[in-house]
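The values are calculated or read from the model by the stated rules, or taken from the named source; none is laboratory data. In this text, all values refer to a predicted model and were calculated from it rather than measured experimentally. So basically every Cβ, Gly included, is an ideal-geometry build from the backbone, and we count neighbours across all protein chains shown.
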Amino acid sequence: MDRLVCGDVGFGKTEVAIRAIFKAITAGKQVAMLAPTTVLAQQHWRTLSERFAPYPIKVALLNRFRTASERKGILEGLKAGTIDAVVGTHQLLSKGSGFQQLGLLVVDEEQRFGVNQKEKIKALRKDVDVLTLSATPIPRTLYMSLSGVREMSLITTPPPLRRPIKTHLAALDPEAVRSAIRQELDRGGQVFYVVPRVEGIEEVAAGLREMLPDLKLLVAHGQMAEGELESAMVAFNAGEADVMLCTTIVESGLDIPRVNTILIEDAQRFGLAQLYQLRGRVGRSGIQAHAWLFYPGNASLSDAARQRLRAIQEFAQLGSGYQLAMRDMEIRGVGNLLGVEQSGQMETIGFDLYMEMLQESLAEIQGQDIPIVEDTQVDLPITAFVPADWITEPDEKIAAYRAAADCTSAETLVELAAGWADRYGALPAAVVSLLQLMELKLLAKRCGFARIKPEKPNIVLETPMEEPAFRLLRQGLPQHLHGRLVYQAGSGIQHKVLARGLGVLPMEKQLEQLMEWLRLMVAQIPDAEGKTQTQRQEEQKVRNAEVLRV
């Protein structure tokens, strides 16, 4: 699978991932879970370790705080297959990482990773299943799902008792900050105060302490040492501080139910998905939560920043992450589906035309597979049987029919015919017709035709194949025959190919013509290496010419 699960913050995307991981591990595969921050990776590792504790499942954590020897041990365990699941940050993408049997990749908070990073881990194994989790996917990912390149599932049911977060947009004002923090502390809660960068964070801390002298304040950011960051998080989670002053390190997946107010300074500097994720850190316990988005009162905001702030205020309802991502796609464009740009200039040709062009290309690509049919039913009025006066023993006769049905190629049918002639004498016309019928079935099955029946003046070949696949098959036919074989789309998956005018010929001629056409079509079907019979024959000719020249 390559599936995007789009659900609001706190709607249970991680729960879906845990069950998928368990399923993959019990099926004998390894799992990699990619998280954007060390804090979130640690949280996931703890959750998985607790949930899988009753089972013989080994879960490892790989991040920048691991020592060189620990990292080496984890990487060796992954290659040897002794570690079942690994949770990690970008460390998982390092050159030394490899797996014995990676079956599932889970990418949490997908919008935080670059295209190159996602492609890099997918390249570890071509047949790896990918489960992507995001509340607000980047435009490129969302568009891949909307256009059918990737599957998408939406989780739209909020948890019980969850209330929408009240979002306030205002110019930065010390009085508004003081009153928002005081209001939360008065009801026994905690507060996140988010700034866009680490520089200047101490000045902000000093300002807050001056504003509220009795405030218990903790600082957290990505440049802190592991021990410091970990202890700050644990202390805040335990309720030892009123306010956590932090960068976007708290953006992804953190779950602290007592925090029900978040203040974001310089909100215009954040992306739409970031603002949405940050807002989702509060209101996880059924208490009415508040999000304050502050922008500098004297700053002139760009159009895009204004649109982003308006959108985040507008989409305050539960489950609105998907609509917000759609709005983000409108603001930024969809990017390059096959390249690395995550947003783009779609509006230069217009959304509708872009959609139309993409759908055509996808239909072309997706419809080129030759379908697999279990068996081909042939309803032509052919006299094909084993005469009783040619093989007299009933058991031998049944064995002869079974042997004909078991043949898997024209060559094995020729060998069978030679064996019969040697044992029973010259083949009667009915037996020759039986062998031709078996070859017709083999050819038709290889081409994806499920049934062949007469509909005068034509012969109809029923098939589940799409038109692009049929056009591919027809390439091997001479140009003058293209009009003789016509594709007709049917309802559901049953389509028709009409062999025009073939039904009025004598039966031997019908069979002969149909088999000749099918042989030419089979020559156009690529083998496991992606080469057709025609290409192989051309290569053989070149090799023969080389040998003769030498």
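Structure notes:
- Residues of region 76-93 satisfying the condition of being closer than 22 Å to residue 53 by Cα and crowded, with 18+ Cβ neighbours inside 10 Å: 78, 83, 84, 85, 86, 87, 88
- Screening residue 66 with (1) buried (at least 19 other Cβ atoms within 10 Å of the Cβ); (2) of a type outside the set (Gly, Ala, Ser); (3) within 21 Å of residue 227 (Cα to Cα) gives one miss only, at (1).
- Restricting region 147-166 to residues that are closer than 14 Å to residue 283 by Cβ and of a type outside the set (Lys, Arg), the residue that is modelled with the highest pLDDT: 165
- On the stretch given as region 166-180, residues that are surrounded by 13 or more Cβ atoms within 10 Å (Cβ to Cβ) and either without any contact (Cβ under 8 Å) to a residue 12 or more places away in the chain or not in a helix (DSSP H, G or I) (or both) total 6.
- Every residue from region 1-15 that is of a type outside the set (Ser, Thr, Tyr), surrounded by 18 or more Cβ atoms within 10 Å (Cβ to Cβ) and either without any contact (Cβ under 8 Å) to a residue 24 or more places away in the chain or in contact with a Gly (Cβ under 9 Å, 6 or more places away or on another chain) (or both): 6, 7, 8, 9, 10, 11, 13
- Candidates in region 228-246 are the residues that are free of Cβ contacts under 8 Å to residues at least 12 places away in the same chain, of a type outside the set (Val, Ile, Thr) and in a helix (DSSP H, G or I); of these, the one that is nearest to residue 42 (Cα to Cα) is 231.
- Among the residues listed as 513, 533, 488, 537, the single one being among the polar types (S, T, N, Q) and farther than 22 Å from residue 439 by Cβ: 488
- Yes/no for residue 183 being assigned to a helix (DSSP H, G or I), polar (S, T, N, Q), at negative phi and touching a residue at least 12 places away in the same chain (Cβ under 8 Å): yes
- Extreme residue, surrounded by the fewest Cβ atoms within 10 Å (Cβ to Cβ), among residues of region 199-247 that are polar (S, T, N, Q) and over 23 Å from residue 287 (Cα atoms): 223
- Region 73-90 residues that are under 14 Å from residue 105 (Cα atoms) and of a type in the set (S, T, N, Q), paired with ones that are assigned to a helix (DSSP H, G or I) and at pLDDT below 90 (beta carbon under 8 Å, 6 or more apart): 89/38; 89/41
- When residues of region 213-227 are limited to those that are under 15 Å from residue 40 (Cα atoms) and in a loop (DSSP other than H, G, I, E, B), the one nearest to the chain's Cα centre (by Cα): 222
- First in region 462-485 and closer than 17 Å to residue 534 by Cβ, second anywhere and at pLDDT 80 or above and of a type in the set (Lys, Arg), Cβ under 8 Å, 6 or more apart: 482/474
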